[in-house]
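I have placed the structure first, in the form of structure tokens, so that the comments after it can refer back to it.
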């Protein structure tokens, strides 16, 4: 009984400290509020906003150091929770307490590292406020709209699938053209999609590899890159992935019609998930073949979702949130060292990609060169560490023999 009490006290202390770091990330996000954006007219908030902006825009060394500190702390806790999960020292309930806690804190954070959320809002606004088609009209067609003062990528027309538009137009209606209300509605919707993704990842792992459920939940739900790109920056990739993961769950439950519907809804949000189609087809035709194991299926989904990362990177440039594509499916086989090691290294270096901009305030040279090496380095390091792990395994095996 004493050991149980001590264990619970230790968890409460660790969780409280972790939530302090998460709250630090929440506060830090407001250092990146665009100088052209006033979130609210309240005078007390305007004082606070100017204070945070003074750090993010006018004391960039301090801002960069704060960001690095937060990232290092987040990964330190991530390693600790992975260790706990691997050694059965953390329960499923405790993991969910952490995941729900960070979601409640961060869903109202500012989208510090991406302007995409503003584009989602404006795309829906073209329908609800201007009664026009966003596939044919862009933000620049409405030069008097106040959102243009803080938006980026105003020159492009709607790049996503019709399902994303169908999901976001109701949010825009509910927002009644009040920016802050609409902002939080979009953030809350994506946060719920994040929780839904974690939920179905847990259900799938429990069905296929029940002893690895907690580890898989920690691997995905507490990964710093997923937290920042999913909850802070609030990319719609999370919604696409939620629909794809829930379709996989239904597929495994042999509810094929519903699985197909959700899968095509996923494609209708963002087209990247279409690369899962061949995997679904292979899994369906070999569903009665015992040689085609769940492990084979999930490794194929992981490999399939690496393809859109390369295509998107070559089409434009690599973006850290692209890692979400395959990281989500890596959760199902995350206990394998050759999956875990590259996933953690790529996640860490993915978040380092923001450091040059935070420090310099632009993407001009030498930033592209720095980003190139920050993209190449984790791939090389992953290969090196996997080889070291294999060598270590052989050495210890020989010693035991």
Answer with yes or no whether residue 113 is under 27 Å from residue 318 (Cα atoms), at pLDDT 95 or above and not in a helix (DSSP H, G or I).
-> yes
Which helices (runs of 4 or more DSSP H) does segment 191-272 wholly contain that include 3 or more residues that are modelled with pLDDT of 95 or more and in contact with a strand residue (DSSP E or B) (Cβ under 8 Å, 6 or more places away or on another chain)?
-> none
Are any of the residues in segment 286-297 crowded, with 19+ Cβ neighbours inside 10 Å and either within 21 Å of the chain's Cα centre (by Cα) or more than 22 Å from residue 199 (Cα to Cα) (or both)?
-> no
Would you point out which residue out of 231, 217, 225 is in contact (Cβ under 8 Å) with a residue 40 or more places away in the chain, more than 13 Å from the chain's Cα centre (by Cα), buried (at least 20 other Cβ atoms within 10 Å of the Cβ) and within 30 Å of residue 171 (Cβ to Cβ)?
-> 217
Take residue 303 and decide whether it is part of a helix (DSSP H, G or I) and surrounded by fewer than 16 Cβ atoms within 10 Å (Cβ to Cβ).
-> yes
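The values are calculated or read from the model by the stated rules, or taken from the named source; none is laboratory data. Only a predicted model underlies this, so the values are computations on that prediction, with no experimental measurement involved. With ideal geometry, Cβ positions are generated from the backbone for all residues, glycine too; neighbour counts draw on all protein chains shown.
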